[in-house]
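The values are calculated or read from the model by the stated rules, or taken from the named source; none is laboratory data. As the structure is a computational prediction, the values presented were derived from the model and not from experiment. In this analysis, Cβ positions are derived from the backbone assuming ideal geometry, glycine residues included, and neighbour counts consider all displayed protein chains.
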There are 2 protein chains.
Amino acid sequence: MNKEEFSLNPWEVVGEVNYERLVKEFGIKLLASKLPKQFQDNLLFRRGIIFAHRDFERILECVEKKKKFVMLTGLMPTGRFHIGHAIIAKQMIFYQSLGAKVYIAVADIEAYNARSQSLEESKKIAFEEYISNYLALGLKKENCEIYFQSNRSKNSEKSNAYYRLQNLLARHATFNEFKAVYGEISPGKMISSLLQASDILHSQLKEFEGKIPVVVPVGIDQDPHLRLARDLSQRIKDFDFIQVSSTYNKFIPGLKGGKMSSSDPTSFISLADSSKEVETKIKKYAFSGGRDTLEEHRKLGGNPDIDVSFQYLRFLFEEDDKVLQKIYNDYKSGKMLTSELKGIAIEKINFFLKEHQKKKEQARSKIKDFI
Amino acid sequence: MNKEEFSLNPWEVVGEVNYERLVKEFGIKLLASKLPKQFQDNLLFRRGIIFAHRDFERILECVEKKKKFVMLTGLMPTGRFHIGHAIIAKQMIFYQSLGAKVYIAVADIEAYNARSQSLEESKKIAFEEYISNYLALGLKKENCEIYFQSNRSKNSEKSNAYYRLQNLLARHATFNEFKAVYGEISPGKMISSLLQASDILHSQLKEFEGKIPVVVPVGIDQDPHLRLARDLSQRIKDFDFIQVSSTYNKFIPGLKGGKMSSSDPTSFISLADSSKEVETKIKKYAFSGGRDTLEEHRKLGGNPDIDVSFQYLRFLFEEDDKVLQKIYNDYKSGKMLTSELKGIAIEKINFFLKEHQKKKEQARSKIKDFI
């Protein structure tokens, strides 16, 4: 597929992504290369995986001056929790460590309206797949509010305020706007989008945190949601919203090189995969940047930039930049073979998963405290 | 305007209404001529002002067998409370006297989305114009729940359930359906319609009354809302709703013979009008069924069926059928002149308003108990 041939909307990502073009088209900004130390210490920022933003200066200022801010994210409670989801989870935990109040919306209304999934099924998946993994990855109870869209709060003032905002935002949107953002829409998708705009904005209501900076870290495909919420927030004069900030991360590639798809287990590593499954998946499916023959590889070297095993190390599993750089160099020079690179990835991933799965078992008992 | 030339949707009523044609077109049923005694005792039923229904048998059965049921109605908190509004208010009080639990939705979200009115303004008008008049007309605190769409309940389970239903209903509706029902729609109108469907259906949720028959008394122009709520209620399998019942009342004519318009004070009698205002309005504006000259009137007689003063007596102000029949006959025969008929109407209306306005003053202090 030609590099120019890709389409991007919140419902699907096709083809190879040209991030530069997206930055231009969406009117977002590239992140400064020199961020404050706390951000440099985070590999997602340091390695340019989180690469662009809107109004992120406001959040940097909060961190610098130790002012309060909110991080909001949502989870779609469908499919398995895989290493793609871990990219957002790591950001929740990172912002929590910086002092942010973390809001996590379980999009069970969207799952009902856009994917015909029952609320009961969403609840089960949210707990078993998502929230238990967040806890195991290090999410703390303090400064954290996880809620279901269908059941916002046990505090009626909060619930009323959240749904009221959804209803009031509708006046300030047009059908053309929804269409421009999403392509084909339905009443169910439209009302879910308005609820998502309330997810993004409601923490600033007096019933919640009051006027406060909010950052929403997303994959670049989610920007249309952000644009809608940002536009509506400035039109609705009944409230005095601070414009929402956002950051954009690159996609972690699927095993076979395309997008990770929750419905195709051969496209991802799940955080519940066994050592054996990881080994098989990496060996059998992981797209390789190596050459066709050993001789060619030794002579011409491999391409770590398109090698999925290398990218997994870069996105998540190799914290040490020097070690990562050496693997990069050795693979590119032909000194390291694909089988060796895959061996390192398998070892690193399985080392992580073994610990993680233990923590996840321990996390089960703590889940109830979170809702 | 020709009798066939009229259009009817929830937003406007134009021309003279052909009720027979509407019954056929909307697929509603005419009410049985012989209703149980409680209904015959109510002049709105007895005189055919409430003339048609859907599934009203279910409500008659509840009354007969003394089973619980709900009456739901909404109020649009705009303009002045006039005698047109009193038709619905009288039905609230009637159903309350029959043992129904009365739900009254203040449509402040709809006023915001369809009429750009602030929630504060809606709250003020709802209290000062509507709710105080309901109380003065006899609405009791017991078995009555008045709520604002923007602030459903102080009980979070109830609030969450009400807005959840609105959000879930969206999946079961199509844009074409909204268009067919309302003509041109906007996101604001659409979300308000879904909230109104939740108004109509939510009393049957387990967080409220549980599965229970519900009757919604409306003017015939409101039937599209009922159709939408009825259709959605049967499609959404997550709940087991009893199909909603409804009754339809004829329009009380505006002073000048057309529709009463809250924005045109010469089209209605407000329940806050002074004796002098009533006298002026009836004498100056009330459309008359009399002849052009006294001589002609004595000879040919007047037409009480199109005479607005007579209709006001019939709809609201003359309880006694025998007295009303005598006025009808005398006017039709030419024995009673228009000035005499208008005099009776003025006297009857002012007698009623004098008492009512006293009661309304007393009601002010009780309003807070209702919300």
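Screening the range B:279-319 for residues that are among the acidic types (Asp, Glu) and over 22 Å from the mean Cα position of the chain (by Cα) and picking the one that is surrounded by the most Cβ atoms within 10 Å (Cβ to Cβ) gives B:GLU279. In the set A:SER118, A:SER97, only one residue is in the same structural domain as A:LEU60 (by TED's automatic domain parsing), hydroxyl-bearing (Ser, Thr, Tyr) and over 23 Å from A:THR247 (Cα atoms); that residue is A:SER118.
Considering (1) assigned to a helix (DSSP H, G or I); (2) of a type outside the set (Phe, Trp, Tyr); (3) outside the structural domain of B:ASN42 (by TED's automatic domain parsing); (4) out of contact with any Pro (no Cβ under 9 Å at 6 or more places or on another chain), the lone condition that B:LYS281 does not fulfil carries the number (4).
Note on the range B:110-144: residues that are of a type outside the set (Asp, Glu) and either over 21 Å from the mean Cα position of the chain (by Cα) or facing another protein chain (nearest Cβ under 9 Å) (or both) total 7.
The listed residues are A:LYS368, A:LYS354, and the only one of them that is modelled with pLDDT under 95, basic (Lys, Arg) and either touching a Gly at 6+ places or on another chain (Cβ under 9 Å) or in a helix (DSSP H, G or I) (or both) turns out to be A:LYS368. Please indicate, with yes or no, whether at least one residue in the range A:69-85 is in a loop (DSSP other than H, G, I, E, B) and over 30 Å from A:SER118 (Cβ atoms). Yes, there is a match, as at least one residue in the range A:69-85 is in a loop (DSSP other than H, G, I, E, B) and over 30 Å from A:SER118 (Cβ atoms).
In the set A:ALA52, A:ALA114, only one residue is touching a residue at least 60 places away in the same chain (Cβ under 8 Å), of a type in the set (Gly, Ala, Ser) and touching a strand residue (DSSP E or B) at 6+ places or on another chain (Cβ under 9 Å); that residue is A:ALA52.
Is it the case that some residue within the range A:164-177 is over 16 Å from B:ILE191 (Cβ atoms) and more than 7 Å from every other protein chain (Cβ to nearest Cβ)? Scanning the range A:164-177, I find at least one residue that is over 16 Å from B:ILE191 (Cβ atoms) and more than 7 Å from every other protein chain (Cβ to nearest Cβ), so the answer is yes. Can you name the residue in the range B:179-208 that is more than 9 Å from chain A (Cβ to nearest Cβ) and small (Gly, Ala, Ser) and is also surrounded by the most Cβ atoms within 10 Å (Cβ to Cβ) among such residues? The selected residue is B:SER193. From the set of residues in the range A:44-81 that are of a type in the set (Asp, Glu) and under 21 Å from A:LEU22 (Cα atoms), which is surrounded by the most Cβ atoms within 10 Å (Cβ to Cβ)? The residue in question is A:ASP55. Number of residues in the range B:96-111 that are touching a strand residue (DSSP E or B) at 6+ places or on another chain (Cβ under 7 Å) and surrounded by fewer than 23 Cβ atoms within 10 Å (Cβ to Cβ) equals 3.
Screening the range B:145-157 for residues that are within 8 Å of chain A (Cβ to nearest Cβ) and more than 12 Å from B:ALA197 (Cα to Cα) and picking the one that is surrounded by the most Cβ atoms within 10 Å (Cβ to Cβ) gives B:ARG152.
Scanning the range B:331-349 for residues that are farther than 25 Å from B:ASP41 by Cα and surrounded by fewer than 19 Cβ atoms within 10 Å (Cβ to Cβ) yields a total of 8.
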